[in-house]
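The values are calculated or read from the model by the stated rules, or taken from the named source; none is laboratory data. Being a predicted model, the structure only gives us computed values, none of them experimental. All Cβ positions, even for glycine, are placed from backbone atoms using ideal geometry, and neighbour counts span all protein chains on display.
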Amino acid sequence: MKFLLIALGTRGDIEPFLAVGEMLANRGHDVTGVFPQQFEQITLDSSMEFIPMTAEFLDMIEGEVGKQALGGKGNFVQKFKAYYKLYKASKEINRTIFKQQFEAIEALQPDKIIHSIKATIPVHWGVDRPGKSIILSPIPCVVHPIKGRSSMAFRGKDLGKLLNKWSYKFTTYATVKNLRFYLTKLLHIEANNDQKTLKSAMQNEPAIFTVSPSLINTQGLPKQVAFLGYQERNKTRTWQPDEALKHFLEKNQKFIFLTFGSMSNPEPVQKTKVMMDIFQQLGIPAIINTAGGGLIEPSDYNKSQFYFTSNIPYDWILPKTHAIIHHGGSGTTHLGLKYGCASMIIPHIIDQFFWNNVLSDLGVGPKGIKIGSISQSNLEPLVNSLWTNIDFKQAASSIAQKMAKEDFQEELMQILEA
């Protein structure tokens, strides 16, 4: 069968598609990934063909405009201006992205399309092909209501039954309206391009959420919606720790792992200093992953207390980790809990605020503070609680035991190959 996988976003958005694509390829299917240009090599490494979408989207997010909007300080007016600049910069990029999705579908004529919630052109393609367009997403609560939570646009907070219901109607309306705009203005497509038809297609196509049912209330979901656990590839493979890391781990049996993943911000030096000052004040050893540039390794520091890295497999380090402080991407959230780490999130963008609420509700760590507002004074008590409160570690360990029993690969393949 010929599968086309289409996804837009950062590494955490793409990772489930790489894992699923690899599974499908290993089962003999013809699989092509349509992802941002930056993910070409890891897509090819995952046994898939690759069609690039423009690199401009991630370049914009990681550029100065994106950093200021998503991670900068400022009052309401300053943040509004930053978001407006981001919106203006994204308009032409979105036109390119929608066109590239359409062109890839036309060129490959796939049997099935697996797409992210952010890549919506396949929804229209699926109107005349029921069951052939399938959502795959590490982000829930967009158009499929979850009991006790509002939509992602409202960070998944429980606003009460009526407002929760309204929030999903609002998010669905806005998502469909955006799709209709590009179908009409860019692609000049009129057939099957009305609010009712596209809304029905979006809500009724099969939807697989790569989210653990141990974290979300899945009661009352429609039959076409499934929560089948976070899907990941084996990233350790040939990776080996260096001698400095081995020495650090021998000396520090208990430590915190700090990472902001692929997230950047306008003040990485200052953010790193805030975190290191807190760790020094509390006497906490830490491994700090600089990854996407949101944290920076200083020129001089205590190497017996800190170990810096820019590349470390989470499935290698997290089983050894007491607690993790991270940006709140779906993948990092799941992996931290899979390995029983007490967890705290420093959210940068919308879905990360959602996971911040979820982890706080689960009792695996204190509720974190957004990246633009952190300081030593407001964050230090939370880090101290994360480090010393045994209840957080016990709650995380309990969830890890539940997640260890989750094995959804066959169920996932049955849905995709049906």
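Things to note:
- Any hit, the range 321-342, residues being touching a Phe, Trp or Tyr at 6+ places or on another chain (Cβ under 9 Å), farther than 30 Å from residue 142 by Cα and surrounded by fewer than 22 Cβ atoms within 10 Å (Cβ to Cβ): yes
- Flag if residue 303 is farther than 21 Å from residue 234 by Cα and out of contact with any strand residue (DSSP E or B) (no Cβ under 6 Å at 6 or more places or on another chain): yes
Each row is one residue, and each column tells you yes or no for (1) modelled with pLDDT of 95 or more; (2) under 29 Å from residue 114 (Cβ atoms).
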position	(1), (2)
330	no, yes
348	no, yes
359	yes, yes
386	yes, no
406	no, yes
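- Any hit, the range 210-224, residues being without any contact (Cβ under 8 Å) to a residue 12 or more places away in the chain and surrounded by fewer than 13 Cβ atoms within 10 Å (Cβ to Cβ): yes
- Comparison of 367, 393 shows that the only residue that is exposed (fewer than 14 other Cβ atoms within 10 Å of the Cβ) and at pLDDT 95 or above is 367.
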